[in-house]
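The values are calculated or read from the model by the stated rules, or taken from the named source; none is laboratory data. The structure displayed is predicted, hence computed values, not measured ones. Ideal geometry is used to build each Cβ from the backbone, glycine not excepted, and the neighbour counts take in all protein chains shown. Surface areas here come from the heavy atoms of the whole protein model, side chains and all, with no ligands, DNA or RNA. Shrake-Rupley method; radii C 1.70, N 1.55, O 1.52, S 1.80 Å.
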Amino acid sequence: MTIIVTDGLTKTYGGGVTALADLTVAVDAGVIGLVGANGAGKSTFIKIMLGLVPPSGGTVRVFDLDPVTQTDQVRARVGYMPENDCLPPDVSAAEFVTHLGRMSGLPKTAARERASEALRHVGLYEERYRQIGGYSTGMKQRVKLAQALVHDPDLLLLDEPTNGLDPAGRDAMLALVQRIGTEFGISVVVCSHLLGEVERICDSLIAIEGGRLLRADRISSMTAASDVLAVEVADGIDELAAALAGMGMEVSREGRTLLVPMDSETAYDRILRAVTDLDLNLHRLDQRRHRVAELFTTKETADV
Ligand SMILES: Nc1ncnc2c1ncn2[C@@H]1O[C@H](COP(=O)(O)OP(=O)(O)OP(=O)(O)O)[C@@H](O)[C@H]1O
């Protein structure tokens with residue numbers, strides 16, 4: 001099921017900064033990674049989907065609703081976890097999440113029950129009556145997640161949910177996000193400048209760079225087999241490289257792996273024969289899979 005559709009979506013802020021440029025994408029339900037370097041336009045896209053920021057051009061529909069004219073209906077179905085620290089220090093998590101439940105239109109008792117449930121889901125049930133000011137960064141991120149869940153949305157928009165967390169905290173948050181997607185059947189758009197972490201938990205990815213769409217696809221399609229063969233042998237990699245080059249093959253080396261373009265149907269057999277002729281111990285000969293990072297052209301993002 002398609003849940004988000006944009007057509008030529010553009011946002012130019014006052015001062016002439018173009019944060020999104022002609023973004024056309026259709027997003028299916030599931031756990032979706034929205035990735036791009038800092039300043040790529042991720043937060044702007046999320047804010048447009050929530051009706052917090054109006055687009056300058058193009059259209060966006062969320063659950064076939066227009067966030068500009070049907071803002072309340074969109075927000076009834078969408079939960080939002082903002083990037084910045086925005087929690088009041090002097091109230092408990094239970095009070096805060098209950099309050100936001102009330103603001104979403106839930107009656108008092110239902111809001112209290114839903115708040116407890118949401119805090120239990122994010123692992124804060126025991127600590128829910130403590131003041132937020134005394135919480136760790138990881139706990140505060142979980143409160144932000146709980147408030148996004150309180151009104152039982154169909155879609156969560158999470159802006160950099162792992163911000164400020166240590167590696168263990170990041171793993172725990174990502175596992176939680178994935179569990180929300182799979183166990184509760186809620187779709188999640190998780191925004192991050194760290195490609196490596198979102199690709200682990202997402203079904204699909206929207207990659208943007210400088211406000212423009214780089215690619216939107218299922219992760220499985222992005223990592224499809226390439227037309228390069230990867231060869232690994234126990235010893236004798238230099239001899240094998242020389243032999244293949246001598247056979248007219250364009251060999252390149254990546255660590256302990258030789259990469260050979262699969263330019264003809266016989267490439268596989270010819271490599272195998274060279275390995276046998278040199279009496280080498282073959283560890284691997286298969287089609288290399290694309291890495292998701294290859295779709296980024298900037299080194300900054302590809303390295304994360
Ligand atoms: N209210 C605003 N007024 C003017 N320019 C803005 C505003 N908000 C964002 N921008 C600019 O728009 C561009 C995209 O910003 P945006 O916050 O959407 O990117 P991002 O990918 O979420 O980055 P980050 O992770 O750093 O927040 C940036 O150049 C930013 O400086």
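Quick notes on this structure:
- Contact map, the range 179-196: first residue of a type in the set (S, T, N, Q), second residue surrounded by fewer than 23 Cβ atoms within 10 Å (Cβ to Cβ) and in a helix (DSSP H, G or I), Cβ cut-off under 9 Å, separation 6 or more or different chains; pairs are S187/G181.
- Among residues of the range 102-120, those that are open to solvent by less than 50 Å² (accessible area, probe 1.4 Å) and at pLDDT below 95, counted: 1
- Condition check for V5: touching a residue at least 24 places away in the same chain (Cβ under 8 Å), away from the ligand (no atom under 11 Å from the Cβ), open to solvent by 10 Å² or more (accessible area, probe 1.4 Å) and in a strand (DSSP E or B): yes
- Residues that are in a helix (DSSP H, G or I), free of Cβ contacts under 8 Å to residues at least 12 places away in the same chain and touching a helix residue (DSSP H, G or I) at 6+ places or on another chain (Cβ under 6 Å) within the range 91-142 comprise just one, R102.
- The residues on offer are L158, L214, L205, L195, and the sole one that is within 16 Å of the ligand (Cβ to nearest atom), in contact with a strand residue (DSSP E or B) (Cβ under 6 Å, 6 or more places away or on another chain), hydrophobic (A, V, I, L, M, F, W, C) and open to solvent by 50 Å² or more (accessible area, probe 1.4 Å) is L214.
- Sole residue being within 26 Å of the chain's Cα centre (by Cα) and away from the ligand (no atom under 16 Å from the Cβ), chosen from E83, E117, E95: E117
- The residues of the range 36-56 that are farther than 11 Å from V68 by Cβ and near the ligand (Cβ under 9 Å from one of its atoms), listed by number, are G36, A37, N38, G39, A40, G41, K42, S43, T44, F45, I46, K47.
- In summary, I271 fulfils each of the numbered conditions (1) among the hydrophobic types (A, V, I, L, M, F, W, C); (2) surrounded by fewer than 16 Cβ atoms within 10 Å (Cβ to Cβ); (3) within 12 Å of L229 (Cβ to Cβ) with the single exception of condition (2).
- The sole residue among V60, V25 that is among the β-branched types (V, I, T) and closer than 26 Å to R200 by Cα is V25.
- The residues of the range 251-271 that are of a type outside the set (D, E), part of a strand (DSSP E or B) and farther than 14 Å from Q287 by Cα, listed by number, are S252, R253.
Condition check ((1) open to solvent by 50 Å² or more (accessible area, probe 1.4 Å); (2) within 20 Å of S204 (Cβ to Cβ); (3) basic (K, R)) across all residues:
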{"position": "L124", "(1), (2), (3)": "no, no, no"}
{"position": "Q147", "(1), (2), (3)": "no, no, no"}
{"position": "D154", "(1), (2), (3)": "yes, yes, no"}
{"position": "G164", "(1), (2), (3)": "yes, no, no"}
{"position": "I180", "(1), (2), (3)": "no, yes, no"}
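- Residue under evaluation D28, criteria (1) within 17 Å of the chain's Cα centre (by Cα); (2) crowded, with 18+ Cβ neighbours inside 10 Å; (3) not polar (S, T, N, Q), criterion not met: (2)
- Members of the range 49-82 found to be in a loop (DSSP other than H, G, I, E, B) and surrounded by fewer than 16 Cβ atoms within 10 Å (Cβ to Cβ), listed by number: L52, P54, S56, D64, D66, V68, T69
- Hey, L174 within 30 Å of H99 (Cβ to Cβ), more than 13 Å from the chain's Cα centre (by Cα), in the same structural domain as F63 (by TED's automatic domain parsing) and more than 16 Å from the ligand (Cβ to nearest atom) or not: no
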